[in-house]
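The values are calculated or read from the model by the stated rules, or taken from the named source; none is laboratory data. Just so you know, these numbers come straight off a predicted model, no measurement behind them. With ideal geometry, Cβ positions are generated from the backbone for all residues, glycine too; neighbour counts draw on all protein chains shown.
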Amino acid sequence: MKDSHKPKTPVGQFTLLAASASLLFVLAAPATFAQSKSSDPAPTRASAINPATRTPSDSTFAKEAAQGGVAEVQLGKLAEEKGTTKQVKDFGRRMVTDHTKADDQLKGAVSGENITLPNEMTASDKATYDHLSKLSGTAFDKAYAEDMVKDHEKDVNSFQREANDGKNSSIKSFASTTLPTLQEHLKLARDMNSSTSGAKNTTKTATHS
């Protein structure tokens with residue numbers, strides 16, 4: 001019976017100590033957090049140094065557009081030389097004229113920007129040029145037309161993305177201005193591809209008539 005009436009002071013002291021420790025932690029936490037926060041690097045440092053006037057995508061787009069333009073001009077000259085139909089030759093001539101103009105406009109759009117535009121074709125475009133240069137007759141017409149459809153489908157998508165999402169106003173404006181011309185090129189390329197694909201059938205029909 002005596003044991004049941006022993007004072008419970010140790011437990012009470014333990015509870016009091018635990019509560020005191022919790023209170024000290026709560027009081028110390030803001031200071032610790034403030035010290036940790038002040039030692040972290042400023043999250044806006046990069047944006048403060050480099051305002052979002054041009055994103056890497058703008059630079060990449062401009063460089064790829066320049067290389068694509070060089071390829072279109074060189075392949076266009078090849079089509080003028082090796083094409084067997086007026087449609088193919090005229091399309092090639094149109095490529096030389098329009099893409100030379102677009103290349104000049106692109107140079108103006110990036111003037112003042114830290115962007116160096118390439119003036120040579122990519123390895124892939126060079127391989128296409130080498131392949132087409134070895135063809136002749138209707139084989140050349142067909143291969144050139146097919147390449148122009150694929151190329152301009154890719155170009156239209158690329159220019160559309162830049163026109164919608166570009167950050168640099170000059171490059172974005174260039175994409176928007178050039179896009180309708182590329183869309184027209186794609187339509188012409190598809191028409192040319194349809195004609196060259198059926199060139200043999202058309203010739204046979206004309207012979208029998």
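Per-structure values
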{"quantity": "Ala52 vs. criteria outside any helix (DSSP H, G or I) and either of a type in the set (Ser, Thr, Tyr) or modelled with pLDDT under 95 (or both)", "calculated": "yes"}
{"quantity": "Hits in region 108-128 (condition: in a helix (DSSP H, G or I) and surrounded by 15 or more Cβ atoms within 10 Å (Cβ to Cβ))", "calculated": "Ala109, Val110, Asp125, Thr128"}
{"quantity": "Filter result for the condition that a residue is at pLDDT 95 or above, among the small types (Gly, Ala, Ser) and out of contact with any Phe, Trp or Tyr (no Cβ under 8 Å at 6 or more places or on another chain), over Ser111, Ser195", "calculated": "Ser195"}
{"quantity": "Residue check, Lys107 among the basic types (Lys, Arg), farther than 11 Å from Tyr144 by Cβ and out of contact with any Gly (no Cβ under 8 Å at 6 or more places or on another chain)", "calculated": "yes"}
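Residue by residue, here is whether (1) out of contact with any Lys or Arg (no Cβ under 8 Å at 6 or more places or on another chain); (2) at pLDDT 95 or above; (3) among the charged types (D, E, K, R); (4) surrounded by 13 or more Cβ atoms within 10 Å (Cβ to Cβ) holds:
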residue	(1), (2), (3), (4)
Ser133	no, yes, no, yes
Lys142	yes, yes, yes, yes
Asp147	yes, yes, yes, yes
Ser158	yes, yes, no, yes
Ser173	yes, yes, no, yes
Gln183	yes, yes, no, yes
Leu188	no, yes, no, yes
Asn201	yes, no, no, no
